[in-house]
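Following: one structure in structure tokens, then a few remarks.
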Amino acid sequence: MIRDKGKRLLYHDGNYIVFDLETTGLSPANDEIIEISAIRVRQNQAADEFSTLVNPHIPIPYAATQVNGITDSMVASAPDLRQALDDFLAFVGRDILVGHNIHTFDTNFLYDGAVRELGTKVTNDYVDTLYLARNCLPTLRHHRLTDLAEHFSISTKGAHRALQDCHMNYQCYLELGKLWKEKERLRKISDK
């Protein structure tokens with residue numbers, strides 16, 4: 001499927017939405033979103049939160065539950081994807097999205113779900129902190145979100161639940177932003 005997504009940006013400062021999804025598996029074509037969370041950031045300060053479980057109307061595979069801890073009973077009374085996405089997109093508006101490994105994962109689930117459930121495209125530009133981390137920390141052995149958090153001495157407690165991952169990534173993004181700005185400052189000096 002060709003997706004008409006927004007542009008992947010290298011970095012964005014100021015106002016944005018940090019978001020994360022939990023899913024039943026790795027394929028947007030075959031798997032479902034089971035949790036959506038986000039933090040609205042204004043002037044680099046966390047200003048508001050959004051979080052909901054999502055009822056996928058299919059059994060959650062054991063392997064997915066092993067990763068994120070989300071069970072069938074937890075999502076039984078949760079909204080369906082249509083309602084959850086509608087609420088999430090209202091929260092997001094036109095803001096820049098920030099997330100970890102979203103270029104090839106989260107935005108694909110988000111885009112496909114919005115087209116299928118709401119008949120709308122998600123065209124928000126976005127920053128993938130995986131790419132930013134590879135750019136700013138090229139010598140780090142791994143660039144998973146938990147690796148970044150550990151590198152910056154940020155707690156990884158509760159990892160693989162969407163809202164906790166948002167908080168972890170928000171803090172990592174602030175740290176990566178400092179590295180990015182310093183790299184840009186040095187580049188401008190060397191270009192003179």
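The values are calculated or read from the model by the stated rules, or taken from the named source; none is laboratory data. Everything numeric here is computed off the predicted structure, so don't read it as measured data. Cβ sites come from the backbone with ideal geometry, for glycine too, and all protein chains shown count toward neighbours. Only protein heavy atoms, including side chains, enter the accessible area calculation; ligands, DNA and RNA are left aside. Shrake-Rupley method; radii C 1.70, N 1.55, O 1.52, S 1.80 Å.
With farther than 24 Å from Trp180 by Cβ and either of a type in the set (Phe, Trp, Tyr) or under 19 Å from the mean Cα position of the chain (by Cα) (or both) as the only criterion, which of Phe50, Phe152 stands out?
Phe50
Regarding Val41, is this residue within 27 Å of Tyr173 (Cβ to Cβ) and either open to solvent by 50 Å² or more (accessible area, probe 1.4 Å) or of a type in the set (A, V, I, L, M, F, W, C) (or both)?
yes
Scan the helices (runs of 4 or more DSSP H) fully inside the stretch 109-192 and keep the ones with 1 or more residues being out of contact with any Pro (no Cβ under 8 Å at 6 or more places or on another chain), open to solvent by 40 Å² or more (accessible area, probe 1.4 Å) and among the small types (Gly, Ala, Ser).
Numbers: elements: 129-136, 145-151, 162-191.
Per the criteria, 162-191.
Between a first residue in the stretch 109-135 that is within 30 Å of His151 (Cα to Cα) and a second residue that is among the basic types (Lys, Arg), which pairs have beta carbons less than 7 Å apart while being 6 or more apart in sequence or on different chains?
Final answer for the pair search is Asn124/Arg94; Asp125/Lys7; Tyr126/Arg8; Asp128/Arg8.
From Arg82, Arg94, grab the single residue that is part of a loop (DSSP other than H, G, I, E, B) and on the phi < 0 side of the Ramachandran plot.
None of the other options fit; the residue is Arg94.
Restricting the stretch 54-74 to residues that are under 10 Å from Glu32 (Cβ atoms) and β-branched (Val, Ile, Thr), which is nearest to the chain's Cα centre (by Cα)?
Val54
On the basis of being surrounded by fewer than 19 Cβ atoms within 10 Å (Cβ to Cβ), without any contact (Cβ under 8 Å) to a residue 12 or more places away in the chain and over 14 Å from the mean Cα position of the chain (by Cα), does Ser77 make the cut?
Numbers: surrounded by fewer than 19 Cβ atoms within 10 Å (Cβ to Cβ): yes; without any contact (Cβ under 8 Å) to a residue 12 or more places away in the chain: no; over 14 Å from the mean Cα position of the chain (by Cα): yes.
No.
I'm checking my understanding of the structure. Among residues of the stretch 7-38 that are modelled with pLDDT of 95 or more and of a type in the set (Gly, Ala, Ser), which one is surrounded by the fewest Cβ atoms within 10 Å (Cβ to Cβ)?
Checked the stretch 7-38; the qualifying residue surrounded by the fewest Cβ atoms within 10 Å (Cβ to Cβ) is Ser27.
Of (1) part of a loop (DSSP other than H, G, I, E, B); (2) farther than 22 Å from Leu145 by Cβ; (3) modelled with pLDDT of 95 or more, Met1 satisfies all except one. Which?
Failed condition: (3).
Look at Asp106 and say whether it is within 17 Å of Thr52 (Cα to Cα), touching a residue at least 60 places away in the same chain (Cβ under 8 Å) and charged (D, E, K, R).
Working: within 17 Å of Thr52 (Cα to Cα): yes; touching a residue at least 60 places away in the same chain (Cβ under 8 Å): yes; charged (D, E, K, R): yes.
Spelling it out, Asp106 is indeed within 17 Å of Thr52 (Cα to Cα), touching a residue at least 60 places away in the same chain (Cβ under 8 Å) and charged (D, E, K, R).
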